[in-house]
1. Which one of these does A80 not meet: (1) within 15 Å of the ligand (Cβ to nearest atom); (2) loosely packed, with under 15 Cβ neighbours inside 10 Å?
2. Kindly indicate whether V188 is in contact with a Gly (Cβ under 9 Å, 6 or more places away or on another chain), closer than 28 Å to G53 by Cα, more than 16 Å from the ligand (Cβ to nearest atom) and not hydroxyl-bearing (S, T, Y).
3. Out of T113, T191, T221, I need the residue that is at pLDDT 95 or above, polar (S, T, N, Q) and surrounded by 21 or more Cβ atoms within 10 Å (Cβ to Cβ). Which one?
4. Look at segment 79-97 and say how many of its residues are free of Cβ contacts under 8 Å to residues at least 60 places away in the same chain, within 24 Å of F149 (Cα to Cα) and among the hydrophobic types (A, V, I, L, M, F, W, C).
5. Consider S148 carefully, then state whether it is surrounded by fewer than 18 Cβ atoms within 10 Å (Cβ to Cβ) and of a type in the set (S, T, N, Q).
6. Can you list residue pairs whose Cβ atoms sit under 6 Å apart, with the first residue in segment 34-55 being within 16 Å of the ligand (Cβ to nearest atom) and the second being aromatic (F, W, Y)? Count only pairs 6 or more apart in sequence or on different chains.
7. Name every residue in segment 130-174 that is more than 26 Å from P114 (Cβ to Cβ), outside any loop (DSSP other than H, G, I, E, B) and out of contact with any His (no Cβ under 8 Å at 6 or more places or on another chain), in order of residue number.
Amino acid sequence: MVRDYEEVSELLDRIVEDLLAACDISRPPVNPKKIAHKLGIVYSEADLAGRRGQSYRRRGRQHVEVHHPDRAERKNFALAHEIMELELKKVLEDPRECHRWANLGASFLLMPTPWFREECLRSNFDLAELKNAFSTASWEVVALRTLSFSESLITIVDEGRVTRRKSSYPYHISKELSNEEWQVVEEVLRTERAEKQHFPSCEVTGYPVFEKQHRRVILRTTFDL
Ligand SMILES: [Zn+2]
């Protein structure tokens, strides 16, 4: 059975609410290891070669294993995926469908809808503040989740190249960055700080997400209508 996004969102919200209540988690950040522990899931890390995470039962216990070399946020996401997939399997029949919705579910678990919405409004969609509050999720996952709560564009620029661009506007948006957006990317790369600029047609905020060998800039663009 194919379910629509609305229906699945409501289901995921309910599952997350129950998990948080069962684990006495009353504010972010959500630590999925705490939830796994409470559910009796045995968590471990190993070199999974090409996989982010896997779950299996052994001697009557549920195990989740995640890819050891991954960054902490990636491991959190992989564990959250497996937790949500197991929870979905309790209510949905098709295991493929459970796996398919588990990534959305992982996002919901690390950034529960009511808390995330509230923090979006409080911070006026400041991605740095959101990342700070929902620290167990990655910058990219946090940035993309804001699309559910406002009309905007999120663009990931890796080493000066667009690798992802998603919009929540109900009309077509060019895949190419505008001159204004490039201007902000260059400014962030130069200053290594978050930069916000207002233009006649849009507002662009860029955030540096730099690692040793890799310079990523995340942009949030909104249009003045
Ligand atoms: Zn899965």
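1. A80 satisfies all of (1) within 15 Å of the ligand (Cβ to nearest atom); (2) loosely packed, with under 15 Cβ neighbours inside 10 Å except (2).
2. For V188, the condition - in contact with a Gly (Cβ under 9 Å, 6 or more places away or on another chain), closer than 28 Å to G53 by Cα, more than 16 Å from the ligand (Cβ to nearest atom) and not hydroxyl-bearing (S, T, Y) - is not met.
3. Details: T113 fails: surrounded by 21 or more Cβ atoms within 10 Å (Cβ to Cβ); T191 fails: surrounded by 21 or more Cβ atoms within 10 Å (Cβ to Cβ).
On inspection, the qualifying residue turns out to be T221.
4. Looking only at that region, the number is 1.
5. Here the answer is yes, as S148 does meet what is asked.
6. If the second residue must be aromatic (F, W, Y), the pairs left are A36/Y43.
7. If the condition is that a residue be more than 26 Å from P114 (Cβ to Cβ), outside any loop (DSSP other than H, G, I, E, B) and out of contact with any His (no Cβ under 8 Å at 6 or more places or on another chain), then T155, I156, V157, R161, V162, T163, R164, R165 are the ones that fit.
Listed here are the residues, each with its yes/no results for (1) farther than 21 Å from R100 by Cβ; (2) out of contact with any Gly (no Cβ under 8 Å at 6 or more places or on another chain); (3) not assigned by TED's automatic domain parsing to the domain that holds K90.
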| site | (1), (2), (3) |
| --- | --- |
| V42 | yes, yes, no |
| Q54 | no, yes, no |
| V66 | no, no, no |
| R71 | yes, yes, no |
| F77 | no, yes, no |
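The values are calculated or read from the model by the stated rules, or taken from the named source; none is laboratory data. As the structure is a prediction and not an experimental result, all values here were calculated from the model. Cβ: placed from backbone, ideal geometry, glycine included. Neighbour counts: every protein chain shown.
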